[in-house]
Amino acid sequence: MRDRLTEALKASTADYAEIRFETNDTTQIAYRGKEVETAASSKVSGGIVRACTKGGWGLAVFDSLDDLEHQVAEACQCAKLVGREKTELAEADAPVDATVTAKLQRDFRGVPFDEKLKLIESYNDIILGADEAIETSRVRYTEEFRTVHFASTRGSYFMEQRPRLVLFYMGVARDGSLVQRSGDAVSSSVSYDAVLGLEQKVAAEAARAAALLKAPPCEGG
């Protein structure tokens, strides 16, 4: 990828140009009440070229690396159309050259989808069965693994991996027209284990939602 980006930047005619390209692998599982609302995995990619000529900035957005040189040329042309003054950029001590890989204790990408679905289902069942006052639930699991590449005509290049997973859970309780909600979330960029063993916390949030139905009202003023 480094060679691909730096080679494309050779087509630049601007005072300065840079390319940022990202890929994002995402998995989402969501329950709303007893129904599975979302269960999907996807992979998207895209990037942007920024160029500056005589103080004017031009942009080109793309989702494929197939014609990257053309995107660089287009950004440079846009910058040329608006540039009227002088390009002034902050000075850097030295070009950046870095590769930052994710340090995962347990990579969520190696966990089977069915195992994740079973886990989210179990948390959802805990909420729904916690109290008679619980009307419905919300449980949502999201994971994403982003890989970011950056290169510039100043000779800088870096690649960074950015993993993240989030689990949100909420109980919704009802007593006639009175509705109360209570929820919490956990997040990690280190390990899939962060979303395991939360049965007591999930049950506590559902119980809190039911208990709020009997909370004394605050006095006005």
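The values are calculated or read from the model by the stated rules, or taken from the named source; none is laboratory data. All values derive from a computational prediction rather than experimental measurement. Backbone-built Cβ (ideal geometry, glycine too); neighbour counts: all protein chains shown. These area figures cover heavy atoms from the full protein model, side chains too; ligands, DNA and RNA do not enter into them. Shrake-Rupley method; radii C 1.70, N 1.55, O 1.52, S 1.80 Å.
Determine which member of the set Tyr157, Tyr141 is crowded, with 18+ Cβ neighbours inside 10 Å, more than 30 Å from Glu18 (Cβ to Cβ) and at pLDDT 95 or above.
After ruling out the rest, the residue left standing is Tyr141.
So which residues in the stretch 49-66 are assigned to a strand (DSSP E or B) and open to solvent by 50 Å² or more (accessible area, probe 1.4 Å)?
Scanning the stretch 49-66 gives Arg50, Trp57, Leu59, Val61.
Kindly indicate whether Phe145 is in contact with a Pro (Cβ under 9 Å, 6 or more places away or on another chain), in a strand (DSSP E or B) and of a type in the set (A, V, I, L, M, F, W, C).
Yes, satisfied.
Any idea which residue in the stretch 192-201 is nearest to Arg109 (Cα to Cα), counting only those that are surrounded by fewer than 16 Cβ atoms within 10 Å (Cβ to Cβ) and in contact (Cβ under 8 Å) with a residue 12 or more places away in the chain?
Going through the qualifying residues, I end up with Asp193.
Just for the stretch 179-191: of the residues that are of a type in the set (S, T, N, Q) and under 30 Å from Leu104 (Cα atoms), which one is surrounded by the most Cβ atoms within 10 Å (Cβ to Cβ)?
Once the filter is applied, the top-ranked residue is Ser188.
With (1) crowded, with 16+ Cβ neighbours inside 10 Å; (2) among the polar types (S, T, N, Q); (3) under 30 Å from Arg2 (Cβ atoms) as the list, and Thr99 as the residue in question, which single condition is left unmet?
Failing condition for Thr99: (1).
Residues in the stretch 149-202 that are of a type in the set (S, T, N, Q), under 26 Å from Thr38 (Cα atoms) and in a strand (DSSP E or B): how many?
Qualifying residue count for the region: 6.
Quick check on the stretch 160-178: of everything there that is open to solvent by 40 Å² or more (accessible area, probe 1.4 Å) and of a type in the set (A, V, I, L, M, F, W, C), which residue is farthest from Tyr123 (Cα to Cα)?
This residue is Leu178.
Being open to solvent by 80 Å² or more (accessible area, probe 1.4 Å) and in a strand (DSSP E or B) is true for just one of Val44, Val36. Which residue is that?
So the residue among Val44, Val36 that is open to solvent by 80 Å² or more (accessible area, probe 1.4 Å) and in a strand (DSSP E or B) is Val44.
I'd like to check something: does the stretch 187-199 contain any residue that is within 24 Å of Gly129 (Cα to Cα), within 20 Å of the chain's Cα centre (by Cα) and among the aliphatic types (A, V, I, L, M)?
yes
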